[in-house]
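One structure below.
The values are calculated or read from the model by the stated rules, or taken from the named source; none is laboratory data. Being a predicted model, the structure only gives us computed values, none of them experimental. With ideal geometry, Cβ positions are generated from the backbone for all residues, glycine too; neighbour counts draw on all protein chains shown. Just the protein is used for accessible areas: all its heavy atoms, side chains included, with ligands, DNA and RNA removed. Shrake-Rupley method; radii C 1.70, N 1.55, O 1.52, S 1.80 Å.
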Amino acid sequence: MKHAHLTTVIAPALLCWIFGSAAAEPGAAQQSTRARNAGRPELAPEELRRVVALIADDSMAGRATPSRELNLAAEYLAHAFSSAGLMPLGDDGTFLQRFPVTETTLDQRSARVDIGSLATWRFGTDYWHVGGMGGVPVGELRGSVVIVSGKITRESVAELNVRGKLVIYRSPLNARGAPTDVGGGFALGAAGALAVLVPGNRPDTLWRRIGRDPDEHKPATHAAWPVWTAASAPLAVNAIRFMPVLEVWGGRFDALLARAGLDTSMFAAPDAAPKVVALDADGVFRFEREIRRVSWAPNVVAMLPGRDPILRHEYVIVTAHLDGLGRSPHAPPGPENVLNGADDNASGVAAILQMAKALVAAPRPKRSVVFVAVSGEELGLWGSDYFAARPPVPVASIVANINMDMVGRANGDSVYVTGRNHPVVSAVVGAALTRERRGLHVLDEAALNARYPNERFDERSDSENFRRRGIPSVSFFTGPHTDYHETTDDVATLNYDSLSRIASLALDVTVALADGTLPPRPGTPRR
């Protein structure tokens, strides 16, 4: 059921009252935890549910990035971390680390892609924005056009020489004609492509429906974008490279091939080694946007200092994303259109908060543990990218990341624990999982990829921003479900018994990494 007992009109006052009450509770909770701490018991399901119910309430309006409700959720979590006894590690001695986000509106009349004399594709008629990377999308992109086919991986894409080019990527399609490997498009962008156009093969009726559905082609019209890169200062907007991923109607792509004199026999099969076919044409992607405002989105950062005088200067980072998708455009105004995000990802936030409280109540581990609730995950892993690019501790001293994303809907007590085979952490994590599995069936990334081929779930969460910087990340995930990114992802749908055991297992792994003997990460100095 939807929990509509808090309305958006009275939410601020009630939330302040609840936050004040919540701030007074952890002392008793710590004493209870401390009394039963021997062997680290499982974290209390009722406490996890209480936190999920606050964060995923209808009054929180889905916690979009940026939004007032996201700020309220961040303030609640900051109070909870403070009351638990953790140290602030955000900006200016607070628990909040804020990053800049510009909110913009696309000029739909001028947005188009020209491919020499072969084609002109216009926004809303021929293509939609699927997503983007980088900063503020204003201006134009120019480059030669190539068609990439075959299986794209982070390893294979480096050999394709797509830097500075507009890339048409022939992704595999599902039964409805939708591309199934948009992640391959983002991999091409990371390899230097200026823009990636992914042809689909949706039927005309579905394409017309998408045209009436702004959620399907976000961030096409109204969008927020981060305004930094790892290589530039936070507000150096002009230094930021925007890389869009677009879906093109299949009929438009077929017409382009016909005009260019190409046929599908020139392309690699979906599972074959990737192949590049150059078009004898230059491409221009034109887009103009009006900047509506610059906002500051919050990460919440708290630390438990380690007890060892030397190892306390090394850090295990525990993350979960606090943001959600806001409201659904498909439902009428009111509580029923809120994308509450109880599993995605109030479950992960509740888990790291209870993990933090349990660690404060127990003997401290040797290394310091930093808890981070990030925002902007749903729009492109923004908050974790900002944190990983500008951590409040030396990046070389970060030994590992634990990430909790969608951990509240275990199917058959199964949980995917990925990244555990990294050579720096594999021995310690493996031993921790062998000692105690909390009655859970623990699966790895091979099982995840076999169960959900081409979805790349493990690359679509905040763990990716640590891994791409060489930091081992162990990620906990219970998999998608029919309520994923729907208004039905509600408090009542979670399994709090399995959530408590998953959070407890993640705490076991966190403590093992914080106490264990680890080899240095490649490229980091030995202590």
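Structure notes:
- Integer Hz, Karplus 6.51/-1.76/1.60 couplings in order for the stretch 42-55, x for Gly and Pro: 5, 5, 5, x, 5, 5, 4, 5, 4, 5, 4, 5, 6, 6
- Mean Cβ count within 10 Å, highest first, over the residues of peptides 89-95, 377-383, 511-517: 377-383, 511-517, 89-95
- Accessible surface of the stretch 347-412, 1.4 Å probe, proportion on carbon and sulfur as whole %: 51
- Here the gap between Ala396 and Leu262, fully extended at 0.36 nm per residue and compared with their Cα-Cα distance, gives a gain of 43.3 nm.
- Per-residue SASA remark: Lys357, around 20 Å² accessible (1.4 Å probe; ligands, DNA and RNA not included).
- Cα-based Rg and Dmax for the stretch 111-198, where Dmax is the largest Cα-Cα distance (Å): 12.9, 36
- Binned Cα-Cα distances of the stretch 328-455, short to long, each 10 Å bin given as a whole percent: 9, 30, 41, 15, 5, 0
- For Ile168, residues with placed amide H under 5 Å, excluding near neighbours: Val146, Ile147, Val148, Leu197
- For Arg289, the amide hydrogen comes within under 5 Å of the amide hydrogens of Asp107, Gly139, counting only partners 5 or more places away or on other chains and with H modelled in the peptide plane.
- Using every pair of distinct Cα positions in the stretch 384-527, the Kirkwood expression returns a hydrodynamic radius of 16.0 angstrom.
- Surface listing: Ser500, Ser117 arranged by accessible area from highest to lowest gives Ser117, Ser500, probe 1.4 Å.
- Sequence of Val395, Val182, Val277 from largest to smallest accessible area, 1.4 Å probe: Val395, Val182, Val277
- Rg(Cα) / (2.2 N^0.38 Å) computed for the stretch 434-502, rounded to two decimals: 1.27
- Treating r as the C-beta distance of Asp497 and Asp280 and R0 as 56 Å, the FRET efficiency rounds to 0.35.
- Alpha-carbon gyration tensor eigenvalues x 5, square-rooted, for the stretch 362-414, Å: 23, 20, 9
- Relative contact order for the stretch 374-526: 38 percent, from Cα pairs under 8 Å spaced at least 6 residues apart, divided by residue count.
- Semi-axes of the equivalent ellipsoid for the stretch 297-383, computed as √(5λ) from the eigenvalues of its C-alpha gyration tensor and ordered from largest down, come to 34, 13, 7 Å.
- For Phe95, distant residues with modelled amide H under 5 Å away: Gly90
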